[in-house]
1. Can you list residues whose amide H is under 5 Å from Phe151's amide H, if they're 5+ apart or on another chain and H is modeled 1.01 Å from N?
2. Taking 0.36 nm per intervening residue step and subtracting the Cα-Cα distance, what contour gain separates Arg529 from Lys310 on full extension?
3. Across segment 328-339, in residue order, what do the Karplus-derived ³J(HN,Hα) couplings come to in whole Hz, using 6.51 cos²θ - 1.76 cosθ + 1.60 with θ = phi - 60° and x for Gly and Pro?
4. Once phi is turned into θ = phi - 60°, what whole-Hz ³J(HN,Hα) does the Karplus curve with 6.51, -1.76 and 1.60 give for every residue of segment 436-449, x standing for Gly and Pro?
5. Could you tell me the relative contact order of segment 109-531? Use alpha-carbon pairs under 8 Å, at least six residues apart, and round to a whole percent.
6. Would you please give the residues with an amide H less than 5 Å from that of Asp78, counting only those at least 5 places away or on a separate chain, with H modeled from the backbone geometry?
7. Can you figure out the FRET efficiency of Asp216 with Thr127, using R₀ = 25 Å and their beta-carbon distance, to the nearest 0.05?
8. Pairs of alpha-carbon atoms within less than 8 angstrom and 6+ residues apart define the contacts here; what relative contact order does segment 307-434 have, in percent?
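Coordinate-derived values only; no laboratory data. Keep in mind that what you see is a predicted model, and the values were worked out from it rather than measured. Don't worry about glycine lacking a Cβ; one is built from the backbone with ideal geometry, like all the others, and counts go over all protein chains shown.
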Amino acid sequence: MDFTHCFKVIVNRGKEFADIPNCLGSQDDMECSHTREAPEGSADTWHNCGCEHHTSAQSRLFIKGGRIVNDDQSFDADIYIEDGIIKQIGNNLVIPGGARTIEAKGKLVIPGGIDTHTHMQLPFMGTHAVDDFYSGTKAALAGGTTMIIDFVLDQKNVSLLEAYDKWRNWADSKVCCDYALHSCVTWWSPEVAKEMDILCKEKGINSFKMFLAYKDVFMLEDNELYEVFKRCRELGALGMVHAENGHLIAEKSSEMIQHGITGPEAHEMCRPEEVEAEATNRAITLANQANCPLYIVHVMSKSAAKVVTKARRQGKVVFGEPIAASLGTDGTHYWNKCWRHAAGHVMGPPLRPDPTTPGYLMDLLANNDLQVTGTDNCTFNADQKALGKDDFRKIPNGVNGVEDRMSVIWEKGVHTGKMDPCRFVAVTSTNAAKIFNIYPQKGRIAVGSDADIVVWNPNASRTISAKTHHQAVDFNIFEGMLCHGVAEYVMTNGHVVLDEGQVRVTQGMGRFIPLPCNSETVFSRIRERERTTKPCKVEREPYDGPVAKITATQMSEKMIVADNPIIPNNAEFHGRPMTSSGARNLQDSTFSLSGQQIDEKSPRRSTTRSLNPPGGKSSGLW
Ligand code: URP
Ligand code: ZN
Ligand code: ZN
């Protein structure tokens, strides 16, 4: 094998030429023949040629003198890495020659961050997110995040498998860090149920997200949501929910426009926090009834966080994900006089105008009422946001965060004394790795784990700005925030990608990480409950007394006599016909907590009316 092409790359990185056994060692200042093209405008200075020789040489690393921090303990030790894996941890290690030493004295050595919630290059609201899988993952690495979990999110009626392939094609060629995928269920049918099975068994998917917002686009009705939750439980997959009330938002948005309020402040006013709380409670109720574990994405308000907290204290299997945005800034920005500034913060659910919200969410995160952090990174430039300059409903929803999440959480969580470095690790990587079933491959510094490592300097500081960030977007919601705690070196899969201030990445160097179903963290309680809560009938003697007769007039009121007297004999409610064998199609459910009610056309029966229905009391509008 001719390794001449490695020469320039290696010299550029200051490596000893002698480190490369059998290298032909040409002195020619040759370009690496395998070097992949840097994207236009890229400031990248180094590209991995990807040859076997080159990658093994650069993946021999020795991290010396740092303090290793895991979620459960911290200790002083050195780390030796080879071929992308942590091979040794300890003091006085005997290591092979040719390893690069990274001095970590006075620094913390932590597992690389896992961002549980991104939307790179998402086609959305008539445009697409400007940070793609290249710029987005490059920025992630710059900030100390070494893995993202993105969402396959397509229109209703699109095959989930086709959508999955589309996302894999986009991501595989561009990602600079490892990534995994959640799949979104935006419509429901037997075909979707089948595809969920294939996604779980063959495609590395173990979580499905459903929307209770974006009416007519991504939103499911409650009966559909219940069916998806049941399917998730069967498959050992985690249910996830974007919790808002799409019907209510549609109504209130029109009211805002009727009142002549067209700016970004209306975005918050038509979906205030009780709307998020109602949907959070409704989703938790439905998931609990389906015995499905539930993960609430982007917890944005105190009210929604309280609902999650209460449910967890009731023993429900629920996880809550605040994001960098909800922990680091607030919704007062929607009232900013500068339209672009206000629109730059538009996302759903919105940031909350109550300025105590970020601190409150951080308190809950520090104390395990909330468990994981993502970003919902979904970025749009000024001209894209301007699609809604005259109508807030058209402003593409989404903000940044993938680059700054680690710094923001350190600043607002650790620097304030709310959480210690171990908890920081738990909420930025370990808990995500456990929930999504890739622990301890990810989320831990341990022998055998992936070498996704950050050398974190708790004494350094940086000021966040769109002028200096690595994201493609032209705006940063954390602009001007001084953050103590900075990623100094970042290693992904054993490659040093943040190196003395320089980000050095190659498109496509990241890997797809399959997420196996039946995560122990998520499912061990669920499986026990399946057994202990199985409904069982009461054995009793048959009733042999008199039975009332239904008259012909009553029959003509379309009441089914034999099955269930409160269900009208009205096929309209069900979206699908009977099955070929004549049975009711089981993909249909007979109830809805917020949509059209099954007995809406029947006279109200005071004895069956519930004053406290699941999902909370409603005014009866939906
Ligand atoms: O505003 C947001 N959150 N945009 C991305 C899509 C979503 O709802 O997560
Ligand atoms: Zn969402
Ligand atoms: Zn999202």
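1. Those lying under 5 Å, H to H, from Phe151 are Thr118, Met120, His182.
2. Working it through step by step, the gained length comes to 76.9 nm.
3. Coupling constants for segment 328-339: x, 8, 9, x, 4, 4, 5, 9, 4, 5, 7, 4 Hz.
4. With coefficients 6.51, -1.76 and 1.60, one gets 8, 6, 10, 8, x, 4, 10, x, 8, 8, 7, 4, x, 6 Hz.
5. Averaging sequence separation for qualifying contacts and normalising by length gives 23 percent for segment 109-531.
6. Gly65, Gly90, Asn91
7. 0.85
8. Relative contact order, segment 307-434: 28 percent.
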